[in-house]
Number of protein chains: 6
Amino acid sequence: MVTGCPRADLDEVARLAPFGVATVHEAIGRTGYLGPALRPVHLGARIAGTAVTVICWPGDNLMIHAAVEQCRDGDILVVTTTSPSADGSFGELLATSLQHRGVRGLVTTGGVRDVAELHELGFPVFCSAVSAQGTVKATAGAVNVPVSINGQRIAPGDAIVADDDGVVVVPRIAVSAAVAAARTRTQKENETRAAFRRGELGLDRYGLRAELSRLGVEYLDYDSDQELP
Amino acid sequence: MVTGCPRADLDEVARLAPFGVATVHEAIGRTGYLGPALRPVHLGARIAGTAVTVICWPGDNLMIHAAVEQCRDGDILVVTTTSPSADGSFGELLATSLQHRGVRGLVTTGGVRDVAELHELGFPVFCSAVSAQGTVKATAGAVNVPVSINGQRIAPGDAIVADDDGVVVVPRIAVSAAVAAARTRTQKENETRAAFRRGELGLDRYGLRAELSRLGVEYLDYDSDQELP
Amino acid sequence: MVTGCPRADLDEVARLAPFGVATVHEAIGRTGYLGPALRPVHLGARIAGTAVTVICWPGDNLMIHAAVEQCRDGDILVVTTTSPSADGSFGELLATSLQHRGVRGLVTTGGVRDVAELHELGFPVFCSAVSAQGTVKATAGAVNVPVSINGQRIAPGDAIVADDDGVVVVPRIAVSAAVAAARTRTQKENETRAAFRRGELGLDRYGLRAELSRLGVEYLDYDSDQELP
Amino acid sequence: MVTGCPRADLDEVARLAPFGVATVHEAIGRTGYLGPALRPVHLGARIAGTAVTVICWPGDNLMIHAAVEQCRDGDILVVTTTSPSADGSFGELLATSLQHRGVRGLVTTGGVRDVAELHELGFPVFCSAVSAQGTVKATAGAVNVPVSINGQRIAPGDAIVADDDGVVVVPRIAVSAAVAAARTRTQKENETRAAFRRGELGLDRYGLRAELSRLGVEYLDYDSDQELP
Amino acid sequence: MVTGCPRADLDEVARLAPFGVATVHEAIGRTGYLGPALRPVHLGARIAGTAVTVICWPGDNLMIHAAVEQCRDGDILVVTTTSPSADGSFGELLATSLQHRGVRGLVTTGGVRDVAELHELGFPVFCSAVSAQGTVKATAGAVNVPVSINGQRIAPGDAIVADDDGVVVVPRIAVSAAVAAARTRTQKENETRAAFRRGELGLDRYGLRAELSRLGVEYLDYDSDQELP
Amino acid sequence: MVTGCPRADLDEVARLAPFGVATVHEAIGRTGYLGPALRPVHLGARIAGTAVTVICWPGDNLMIHAAVEQCRDGDILVVTTTSPSADGSFGELLATSLQHRGVRGLVTTGGVRDVAELHELGFPVFCSAVSAQGTVKATAGAVNVPVSINGQRIAPGDAIVADDDGVVVVPRIAVSAAVAAARTRTQKENETRAAFRRGELGLDRYGLRAELSRLGVEYLDYDSDQELP
């Protein structure tokens, strides 16, 4: 249990949210994405906050209870297990407790339950499974130590952004730079979108015709060439 | 094909439904849960009924047709296969036939199809896959013999509860006790919810501080201790 | 890159759509289904169109950009990779570009991102994953060569139908026959539905009692026989 | 913890072993097979014994230790978990303890470790994973209650046969009948083998030509028919 | 059932075998590989032959029996199913029958059993699972129509090469060219091997330093730069 | 590309090897295990060395070639990809090059090929797949930056131990302590092994009877109690 971890600035973190997960991931050099296994149970949320990290034993949610006390306004709880576990270690009561403290959502490599009730509460969860399977409170783990999900390191206090595309982590010290890079990227995407609506092709806009040619891609007419693969 | 199986009392079964899957699973000692692989195709249903069980050969739905005749008001059809199969062995026509007999839904380890039409019909399905793949009617199986899903035994006539958290089975002779236990648990959860809304912590309410201490969990301040993992 | 591929007649293709995936799959002899791994991100669409096929390297979407130029009104883009890849090789900008050309949707064995934005655009996607993971544009592939998904061959210009049950391919030269067969099948299903609503059983309607008997299925009464499995 | 469970007769069980898993599975009506996920770590063993069953919490092997005391000569330990777990809950020390009591092998839906040492000991293990991941001893489970693996029920005292094809369970009261049926089947297979070595075809020996014809299978010559699929 | 299919020349096919799967796959432009899911049960075989293809219904091996008659000296049986199935549809008796006809091995996306006996027979099998689960003979399929595995098309008479790296298919009309290309590649690899043994680096031999530079890869010294990721 | 990374002392690392993966993992507090997905292709090796880390793009092995130059005597190459990939990015030629530099083996979350040749070379590989699928050299990655596998962080220069139980990482600065802890644990295990051979039970040796009692585990006699689950 590590207490007193520094957190990314909440105002900066709030600026990250509207860009969404895909744009933030691109903006920080195609890193930080926690993988396609972490999905929202209900589509439609987009949140950003600061990570409080938890490592649990499989089938055990003792450390989630221990972590609640470490949470404060603007946090997102990030839970992982020492071995893969889909058990429903998180449900509506824990969400109630977290909401009271201003926590904005849950990210877990494990399972959640009470998903109808969680949706009513308006507490967004990003998880790898929905499972009613209950857990025990018998084995120690850790709170607020760095964890890894999908090969990405999440330290306590890092910024987390989550939406229908999944979850991305931005290192605490990189949040301001990420906001700036995401802003630049979004501007460029706006211009590209307008161009695409006018009928311009990515092939031309991104200069890909030369790349195709360099790679030896040839254009064959269907009728003239019957030795197609 | 076994006929004339006794069923759990439908009034008692109806009392189970509002507690939901997670609470019922906890109330019967964290058993009976059919696992996170069985999901509703559309969220939002919560049903309870008595099991009619079916074992099919993979890629074959002959025994589902045979089972329809054994179904009556308040039943839920529970289908499994001798080997894993995601084929769409169940669709809108079978649902129409079952609805006519008062069947409340389908639970299957296999696949379903016509899911848009099933949703329109208001016939809830809990399955491991959506698949348009058609099946044949060529190989024998069994109806109303005990089956196992996720290590849990389901006998014909047992109570089935299904909602957005998945599916749970309650043995026929344990239904009354389950209702009572679920009621007690819900009452306790209501009190806990109220406490959590007031800001009480699970750590205190469940007496977990002593447990953490017994397990050797230590609190370290981030700043004072740089040898963190 | 193969250009000038013949396409199935769009009027005929449009007639396929209302039958839906399951009926079309049955109508063409239980073939053409692309498997339960390809799912819509949002339920509720039903589309039909002509295939433009793409083979990409994993983690690379160069050939999708190259394929856009080959697309025209009524097409559906069908993307696969040389090795399994869930990366988000398709998003809102590509969809914008395709919509401009009259493309009706995307089918991909890979991943998509910007799924909230795609839903707003009204551009249906059928995929195996949602992933924010970005891709590069560095390696050649192919456009408009035959591809295989779930053991089913998809040639450029073949008809594609996709709905909440998944995706089915109909060979270009078989589309008219498929429309006719689907019509016949639907008519028969309408009659069966009416019969089922009246309480007739599949056992009787499909002549399955004789089949059960031929296969040696016996009916045992629960009370009379205690040596059940 | 259930003590004093009756066991299948060890002499009869010994007669099952030489038939092997596939033959025994066929002899008891294609039932009892524990599925392709349970594999030997090293090929080459073929064992039969009586089941002592264990249910553990994931990541916890307390109940395996409790089960050792219930084991006696001729037993095979059968371990499963309340939720899927690949953790290495069994290793060389437990095998040493079991070998001292005459236990013939381990069947587990979980993981094992020290596999080099287990092989040296000559203690066969059938498992779903090899994993060095350690486990705790913190949560209760059960010993010698019926468990289900792959939809098959295993009661304490049932006969277990395991070889390179996997694991099969024979209900305690069915062992003698299984020996007889396996003997008959083996005799028939010996005759079939001799026939196949002489060049007879299964098509003729099993009367399948009529079946193919009944199912509408047609023979087309490659040269005469160009409308092949 | 298609009879009289032309086959690749067996002498040419025999020349493919010693190059092995990886080299042949590279020689034909990184195509034809049937994927990592198809594994030999026992390591150590390397075979080449001409494909006889089979499509079975899941849980059914009728068409394998039908295919035996179509097999002749130098063939390899290639089996797939209409839906994924790991059932043990092939065992020692079928292998005996095939060996009598000069068949060199089996490739199947399904399961095999009797694997100890198959190894004794010296009949190599490449499969996705070992399973004792028995199958029925109740549903029609096809023999000697093109099939697709891992997105690769296998037509009857195509060349198949299989070894510890898996299985590759070479189109019938491309076998001679594949032999020539594999020979060239092997020669080049021999030279590269000699160079690597002398200490030359791939970076230099393949001209990759320029590529790294073009891609913007920078070399940083560990000590001088503390802002590493 | 990071050069000049400090490495764990090779003499200390060599002392870790004989303890094996499971013991080292336990000795460092049940951490560092890279998970059951990483398996040796051939059983029987046990190696220890210092990590050189590589991150590749899926389907691309450019950075493995770049990493060779950074390897020296006693190293083990540790490869991961930005997205899951089973492609055969490593084979006999790369192994030849690495062996020349004194590298002791390969650990990869991806695939390897030429496995027969690798075995002949005596170059141990630990991987998640065998695949002949070839890769390109088109996209940049990283060498000698920290990577995460199975939630465990591997920094360049850390100690790697690999055997039939999988792979474990020991942080560079913890190697000496790990050797000491493994020695202590092994001594204790030797005593336990001797006790188990004498017939002592883990229940008694580890004081688990009290734990079972505390957890409420009851002993029931099979005959006296028919209300068993």
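The values are calculated or read from the model by the stated rules, or taken from the named source; none is laboratory data. Keep in mind that what you see is a predicted model, and the values were worked out from it rather than measured. In this analysis, Cβ positions are derived from the backbone assuming ideal geometry, glycine residues included, and neighbour counts consider all displayed protein chains. Heads up: the accessible areas ignore ligands, DNA and RNA and are worked out on the full protein's heavy atoms, side chains in. Shrake-Rupley method; radii C 1.70, N 1.55, O 1.52, S 1.80 Å.
Just one residue in the set C:Ala48, C:Ala14 is in contact with a helix residue (DSSP H, G or I) (Cβ under 6 Å, 6 or more places away or on another chain), at pLDDT 95 or above and under 15 Å from C:Ala182 (Cα atoms); that residue is C:Ala48.
Taking segment D:196-216 as the range and being within 9 Å of another protein chain (Cβ to nearest Cβ) and among the small types (Gly, Ala, Ser) as the test, the residues that pass are D:Gly199, D:Gly202, D:Gly216. Of all residues in segment A:17-38, none that is at pLDDT below 95 has its Cβ atom under 6 Å from the Cβ atom of a residue that is open to solvent by less than 20 Å² (accessible area, probe 1.4 Å) and assigned to a helix (DSSP H, G or I), 6 or more apart or on another chain. In summary, F:Thr80 fulfils each of the numbered conditions (1) closer than 27 Å to D:Asp114 by Cβ; (2) in a loop (DSSP other than H, G, I, E, B); (3) facing another protein chain (nearest Cβ under 7 Å) with the single exception of condition (2). Every test in (1) within 20 Å of the chain's Cα centre (by Cα); (2) away from chain E (no Cβ under 14 Å) is passed by D:Ser97 save one, and that test is (1). Considering segment C:5-26, the residues that are more than 10 Å from chain B (Cβ to nearest Cβ) and open to solvent by less than 50 Å² (accessible area, probe 1.4 Å) include one that is nearest to C:Cys127 (Cα to Cα), namely C:Ala17.
Let's see how each residue does on (1) out of contact with any strand residue (DSSP E or B) (no Cβ under 9 Å at 6 or more places or on another chain); (2) of a type in the set (D, E, K, R); (3) surrounded by 19 or more Cβ atoms within 10 Å (Cβ to Cβ); (4) in a loop (DSSP other than H, G, I, E, B):
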site: C:Pro156; (1), (2), (3), (4): no, no, yes, yes
site: C:Ala162; (1), (2), (3), (4): no, no, yes, no
site: C:Val167; (1), (2), (3), (4): no, no, yes, no
site: C:Ala178; (1), (2), (3), (4): no, no, yes, no
site: C:Ala181; (1), (2), (3), (4): yes, no, no, no
site: C:Thr186; (1), (2), (3), (4): yes, no, no, no
site: C:Glu200; (1), (2), (3), (4): yes, yes, no, yes
site: C:Glu211; (1), (2), (3), (4): yes, yes, no, no
site: C:Val217; (1), (2), (3), (4): no, no, no, yes
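Do we find that C:Pro124 is touching an Asp or Glu at 6+ places or on another chain (Cβ under 7 Å) and at negative phi in this structure? Considered against the rule, which asks whether it is touching an Asp or Glu at 6+ places or on another chain (Cβ under 7 Å) and at negative phi, C:Pro124 comes out as no. Go through segment B:108-127 and give me each residue that's in a loop (DSSP other than H, G, I, E, B) and within 15 Å of the chain's Cα centre (by Cα). Those that are in a loop (DSSP other than H, G, I, E, B) and within 15 Å of the chain's Cα centre (by Cα): B:Thr109, B:Gly110, B:Pro124. Only residues that are hydrophobic (A, V, I, L, M, F, W, C) and over 20 Å from the mean Cα position of the chain (by Cα) were counted across segment E:54-67, and they come to 4. Scanning segment A:8-58 for residues that are outside any strand (DSSP E or B) and in contact with a Lys or Arg (Cβ under 7 Å, 6 or more places away or on another chain) yields A:Ala8, A:Ala17, A:Gly20, A:Ala22, A:Thr23, A:Glu26, A:Ala27. Checked against the criterion of being at the interface with another protein chain (Cβ under 7 Å from one of its Cβ atoms), aliphatic (A, V, I, L, M) and surrounded by fewer than 24 Cβ atoms within 10 Å (Cβ to Cβ), the candidates D:Val41, D:Val2 yield just one match: D:Val2.
Can you tell me which residues in segment B:109-148 are open to solvent by less than 10 Å² (accessible area, probe 1.4 Å) and within 13 Å of chain D (Cβ to nearest Cβ)? Selection gives B:Gly110, B:Val147. Residue check, F:Pro171 against (1) within 14 Å of chain A (Cβ to nearest Cβ); (2) crowded, with 23+ Cβ neighbours inside 10 Å, all met but one. Which one? Here F:Pro171 meets the rest and fails (2). Being open to solvent by 10 Å² or more (accessible area, probe 1.4 Å), touching a residue at least 12 places away in the same chain (Cβ under 8 Å) and in a helix (DSSP H, G or I): is that true of D:Gln99 here? Against the criterion (open to solvent by 10 Å² or more (accessible area, probe 1.4 Å), touching a residue at least 12 places away in the same chain (Cβ under 8 Å) and in a helix (DSSP H, G or I)), D:Gln99 qualifies.
Screening E:Val168 with (1) within 24 Å of F:Gly111 (Cα to Cα); (2) free of Cβ contacts under 8 Å to residues at least 60 places away in the same chain gives one miss only, at (2). I'd like the full set of residues that are surrounded by fewer than 24 Cβ atoms within 10 Å (Cβ to Cβ) and without any contact (Cβ under 8 Å) to a residue 40 or more places away in the chain, limited to segment B:58-72. If the condition is that a residue be surrounded by fewer than 24 Cβ atoms within 10 Å (Cβ to Cβ) and without any contact (Cβ under 8 Å) to a residue 40 or more places away in the chain, then B:Val68, B:Glu69, B:Cys71, B:Arg72 are the ones that fit.
Of the residues that make up segment D:142-152, is at least one at pLDDT 95 or above, part of a loop (DSSP other than H, G, I, E, B), under 22 Å from D:Pro40 (Cβ atoms) and touching a helix residue (DSSP H, G or I) at 6+ places or on another chain (Cβ under 9 Å)? Among the residues of segment D:142-152, not one is at pLDDT 95 or above, part of a loop (DSSP other than H, G, I, E, B), under 22 Å from D:Pro40 (Cβ atoms) and touching a helix residue (DSSP H, G or I) at 6+ places or on another chain (Cβ under 9 Å), which makes the answer no. Quick one: in segment C:65-77, which of the residues that are part of a helix (DSSP H, G or I) and in contact with a Gly (Cβ under 7 Å, 6 or more places away or on another chain) is nearest to the other protein chains (Cβ to nearest Cβ)? Within segment C:65-77, the match that is nearest to the other protein chains (Cβ to nearest Cβ) is C:His65.
For A:Ala174, are the conditions met, namely being without any contact (Cβ under 8 Å) to a residue 60 or more places away in the chain, out of contact with any strand residue (DSSP E or B) (no Cβ under 7 Å at 6 or more places or on another chain) and in a helix (DSSP H, G or I)?
no
Report yes if A:Ser85 is at pLDDT 95 or above, open to solvent by 30 Å² or more (accessible area, probe 1.4 Å) and not charged (D, E, K, R), otherwise no. Taking the combined requirement at face value, the residue does not satisfy it. A:Thr192 satisfies every condition listed in (1) of a type in the set (S, T, N, Q); (2) in contact (Cβ under 8 Å) with a residue 12 or more places away in the chain; (3) more than 8 Å from every other protein chain (Cβ to nearest Cβ) except (3). Can we say D:Ser89 is touching a residue at least 12 places away in the same chain (Cβ under 8 Å) and part of a loop (DSSP other than H, G, I, E, B)? It is false that D:Ser89 is touching a residue at least 12 places away in the same chain (Cβ under 8 Å) and part of a loop (DSSP other than H, G, I, E, B).
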